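The values are calculated or read from the model by the stated rules, or taken from the named source; none is laboratory data. These numbers come from a predicted model, not from an experiment. Neighbour counts run over all protein chains shown; Cβ positions are idealised from the backbone, glycine included. Side chains are part of the model used for accessible areas, which takes the heavy atoms of the whole protein and leaves out ligands, DNA and RNA. Shrake-Rupley method; radii C 1.70, N 1.55, O 1.52, S 1.80 Å.
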Amino acid sequence: MRQQAVTLRALSFLLLLLPMLATAADALPSWRDGPSRDSIEAFVEAVTREGSKDYIKPAERIAVFDNDGTLWGEQPLYYEVLFAMDEVKRLAPQHPQWKTEQPFKAVLENDHKALAAQGMDGMLKIVAATHAGISTEVFMDRSRTWLAAARHPKTGRPYTRMVFQPMLELLDYLRSNGFRTYIVSGGEVAFMRAFAEDVYGIPPEQVIGTTLGAEYQAKDGKVIIERLPTVQHNDDGPGKPVSIETVIGRRPVLAFGNSDGDLQMLQWTMAGEGKRFAGLVHHTDGQREWAYDRESSVGRLDKALDAAREQGWTVVDMAKEWRHIYPDDKE
């Protein structure tokens, strides 16, 4: 009888423990069972199992991710644009002419319509005023200071908590299976390097983005790299595969994006030999996040969505396939 009681207690303990063991073994707990999760796990299993016809050597397991809209949010404006606008306001006392000079006047008056009318030329002026004329170290310090204090206008969260929990899990899952993870984004590279390692676990040398001109300077016993008000490389659209080729030197075997700006990166990835994976984050959740695609002025997903459906790429339905959006969400 005593032995039977011990056995029953042990069995009861195991039954209680099983759900916890299952959770611990689940590398993607924020992903619901469904086609996207299935395709991710099937790909990773196929390319990492030695003896598989699809096996990929660890050195060739390169995974690239867009940032805005793929790893963190991008509404109502790209977060780096919001940073630049706040920098204009912070620096305005040093530039009294901005009160009457566009596009700065529009920023200071919070006139988004007038700012939009300035187009890309206006945005380049703002970038030149807020991103250049200083050293890389100074710029990254300013970026970190803003990220520590600024809050998203809708959610009230720090921007570094506007990252997508399922994608954080995916990054960890891939790295645990021998992949190297890179950011390849239209965002300015130093801005992303200011937070990417802390937030995503991606070191600076694996962050690729739009780059400004730069110049080595030695002044007053100090040496710096000064950032110049010119765009050296626009890391968007076709610029993404060019920078992957230049910086990484290997074609990725997995790529994730969310917009038409990622189309060429996905095409470039899938054009290689062997088994490959292309994924799109589709923003379908108007309650927990935002719902937008073909008509959006930010993160437009139109041509890439058509290509994904034609080519059989994975399209992640956020509303249906993600249990959580942000790290502090509760189901």
I'd like the residue in the range 244-265 that is open to solvent by 10 Å² or more (accessible area, probe 1.4 Å), out of contact with any helix residue (DSSP H, G or I) (no Cβ under 7 Å at 6 or more places or on another chain) and not β-branched (V, I, T) and, out of all such residues, is farthest from G209 (Cα to Cα). G249
Residues satisfying the stated conditions in the range 148-167, i.e. assigned to a helix (DSSP H, G or I) and either open to solvent by 30 Å² or more (accessible area, probe 1.4 Å) or acidic (D, E) (or both): A148, A149, T160, R161, Q165
Would you point out the residue of the range 127-147, among those that are in a helix (DSSP H, G or I), at pLDDT 95 or above and among the β-branched types (V, I, T), that is least open to solvent (accessible area, probe 1.4 Å)? T130
Within the range 304-330, considering residues that are of a type in the set (A, V, I, L, M) and crowded, with 19+ Cβ neighbours inside 10 Å, the one nearest to H152 (Cα to Cα): I325
First in the range 81-110 and more than 19 Å from D141 (Cβ to Cβ), second anywhere and polar (S, T, N, Q), Cβ under 7 Å, 6 or more apart: Q102/Q118; P103/Q118; A106/Q118
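Within the range 168-197, can you find the residues that are of a type in the set (G, A, S), open to solvent by 40 Å² or more (accessible area, probe 1.4 Å) and touching a helix residue (DSSP H, G or I) at 6+ places or on another chain (Cβ under 8 Å)?
To start, the set of residues in the range 168-197 that are of a type in the set (G, A, S) comprises 176, 178, 185-187, 190, 194, 196.
Then drop every residue that is not open to solvent by 40 Å² or more (accessible area, probe 1.4 Å), which leaves 176.
The answer is none; no residue qualifies.
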Going through the range 266-303 in order, the residues found to be open to solvent by 70 Å² or more (accessible area, probe 1.4 Å), part of a loop (DSSP other than H, G, I, E, B) and within 25 Å of P252 (Cβ to Cβ) are A271, E273, K275, R300
May I ask you to verify whether V231 is more than 14 Å from the chain's Cα centre (by Cα) and closer than 21 Å to L82 by Cα? yes
Going through the range 241-294 in order, the residues found to be of a type in the set (D, E) and either under 30 Å from D328 (Cα atoms) or within 18 Å of the chain's Cα centre (by Cα) (or both) are D260, D262, D285, E289, D293
Expected output for the range 222-237 (first residue without any contact (Cβ under 8 Å) to a residue 24 or more places away in the chain, partner not in a strand (DSSP E or B), Cβ below 7 Å, 6+ apart or cross-chain) is H233/G239; H233/S243
Looking only at the range 200-218, and only at residues there that are of a type outside the set (F, W, Y) and not in a strand (DSSP E or B), the one that is most open to solvent (accessible area, probe 1.4 Å): E205
Got a number for residues in the range 90-116 being in a helix (DSSP H, G or I) and open to solvent by 80 Å² or more (accessible area, probe 1.4 Å)? 8
Pair list, Cβ under 7 Å, 6 or more apart: the range 43-67 residue without any contact (Cβ under 8 Å) to a residue 24 or more places away in the chain, other residue crowded, with 17+ Cβ neighbours inside 10 Å: Y55/V47
Identity of the residue in the range 69-89, in a loop (DSSP other than H, G, I, E, B) and under 15 Å from the mean Cα position of the chain (by Cα), that ends up farthest from M167 (Cα to Cα): L77
Counting just the residues of the range 235-253 that are assigned to a helix (DSSP H, G or I) and of a type outside the set (K, R), which one comes out farthest from A63 (Cα to Cα)? G239
With respect to D121, is the statement that it is in a helix (DSSP H, G or I), acidic (D, E) and at pLDDT below 95 true? yes
Are there any pairs, at least 6 apart or on different chains, whose C-beta atoms fall under 7 Å, with the first in the range 189-203 and farther than 26 Å from T230 by Cα and hydrophobic (A, V, I, L, M, F, W, C) and the second part of a helix (DSSP H, G or I) and open to solvent by 10 Å² or more (accessible area, probe 1.4 Å), and if so, which? V199/T160
Filter the range 64-86 for residues that are touching a helix residue (DSSP H, G or I) at 6+ places or on another chain (Cβ under 7 Å) and surrounded by fewer than 20 Cβ atoms within 10 Å (Cβ to Cβ) and give the result. D86
